[in-house]
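Engineer: Can you keep this structure in mind? I'll have questions shortly.
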Amino acid sequence: MAQNDNLAVPAGDSKYITVFNDPVNFNAKHPLHNSWTLWFDNPGKKSNANNWEQSLKELITFDTVEDFWSVYNNIMKACDLQVSSNYHLFKHGIKPMWEDEANKHGGKWSIQLPRNKTMAEIDNIWLNTMLSCIGEAFEYESEVCGAVVSVRKAFFRIALWTRSSDNQDVAMSIGRTLKKAANIDGVFEFQPHHDTKSGGRPWTV
């Protein structure tokens, strides 16, 4: 999905309302299959389970292509956020927490991007990750819960959260799709949430 997808329909096709039908009064919106909520937090260096949840702020929920771009074009880019900040983009009704019912049996694909990458490159990877989510680019779309970008002193981390973590074929399909769509250069790792502290060996693409 691109910023101009709403202009990609032939002007004479009566099934669609486009800017070509009525360029003066055109105000149609293109619905997404799901509603999505953008969250933000910056708990600081002394974060713990309690103050992290207190710092988590629900910013906005949207359900159309146009509203996504309106949000994206009017918030601070990921690369401009302060250290320790996180954006979370999740399907509406799913909190960006391991304990949420949709997440507790799942895992995440993640990659760390060093700060020697250009800021534009990192912002583009995050943008393409979000577009892959809201545009349902995945074969197993129902497995996708949301995505997170984390700003740290030495790196940025981008992650995609899934509902389950016990089917390697499903997980690998999601990882390969995102790596290609977001143009990720490097090792992309999947690990179940419940194994992140136990040192379980991740799957990689």
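Engineer: Exactly one condition in (1) in a loop (DSSP other than H, G, I, E, B); (2) over 20 Å from ASN183 (Cβ atoms) is false for ASN116; which is it?
Structural biologist: For ASN116, the failing item is (2).
Engineer: Just to confirm my filter: which strands (runs of 3 or more DSSP E) fall fully inside the range 1-101 and include at least 1 residues that are loosely packed, with under 15 Cβ neighbours inside 10 Å, at pLDDT 95 or above and acidic (Asp, Glu)? Walk me through how you get there before you give the answer.
Structural biologist: Numbers: elements: 31-41, 57-64, 86-91.
Strands (runs of 3 or more DSSP E) meeting the threshold: 57-64.
Engineer: Which residue, of TRP109, TRP161, is out of contact with any Pro (no Cβ under 8 Å at 6 or more places or on another chain), among the aromatic types (Phe, Trp, Tyr) and touching a residue at least 12 places away in the same chain (Cβ under 8 Å)? Break it down stepwise before answering.
Structural biologist: On the way: TRP161 fails: out of contact with any Pro (no Cβ under 8 Å at 6 or more places or on another chain).
None of the other options fit; the residue is TRP109.
Engineer: Quick check on my filter: what residues within the range 148-165 are closer than 19 Å to ASN86 by Cβ and crowded, with 18+ Cβ neighbours inside 10 Å?
Structural biologist: Of the residues in the range 148-165, the ones closer than 19 Å to ASN86 by Cβ are 148-162.
Those that are closer than 19 Å to ASN86 by Cβ and crowded, with 18+ Cβ neighbours inside 10 Å: VAL148, VAL149, SER150, VAL151, PHE156, ILE158, ALA159, LEU160, TRP161, THR162.
Engineer: Let me ask something else. Only one of SER150, SER142 is at pLDDT 95 or above and either on the phi > 0 side of the Ramachandran plot or in contact with a Phe, Trp or Tyr (Cβ under 9 Å, 6 or more places away or on another chain) (or both); which? It would help to see each step written out before you state the result.
Structural biologist: Working: SER142 fails: either on the phi > 0 side of the Ramachandran plot or in contact with a Phe, Trp or Tyr (Cβ under 9 Å, 6 or more places away or on another chain) (or both).
On inspection, the qualifying residue turns out to be SER150.
Engineer: How about the range 166-184: which of its residues are out of contact with any helix residue (DSSP H, G or I) (no Cβ under 7 Å at 6 or more places or on another chain) and either surrounded by 23 or more Cβ atoms within 10 Å (Cβ to Cβ) or not polar (S, T, N, Q) (or both)?
Structural biologist: Within the range 166-184, ASP166, ASP169, ALA171, MET172, GLY175, ARG176, LYS179, LYS180 qualify.
Engineer: Then there's this: Could you give every pair whose Cβ atoms fall below 6 Å, whose first residue belongs to the range 131-145 and is in a helix (DSSP H, G or I), and whose second residue is not hydrophobic (A, V, I, L, M, F, W, C), counting only separations of at least 6 or pairs across chains?
Structural biologist: Matching pairs, first to second residue: GLU143/THR162; GLU143/ARG163.
The values are calculated or read from the model by the stated rules, or taken from the named source; none is laboratory data. Everything quoted here is computed from the prediction, not taken from an experiment. Cβ atoms come from the backbone with ideal geometry, glycine included; neighbour counts cover every protein chain shown.
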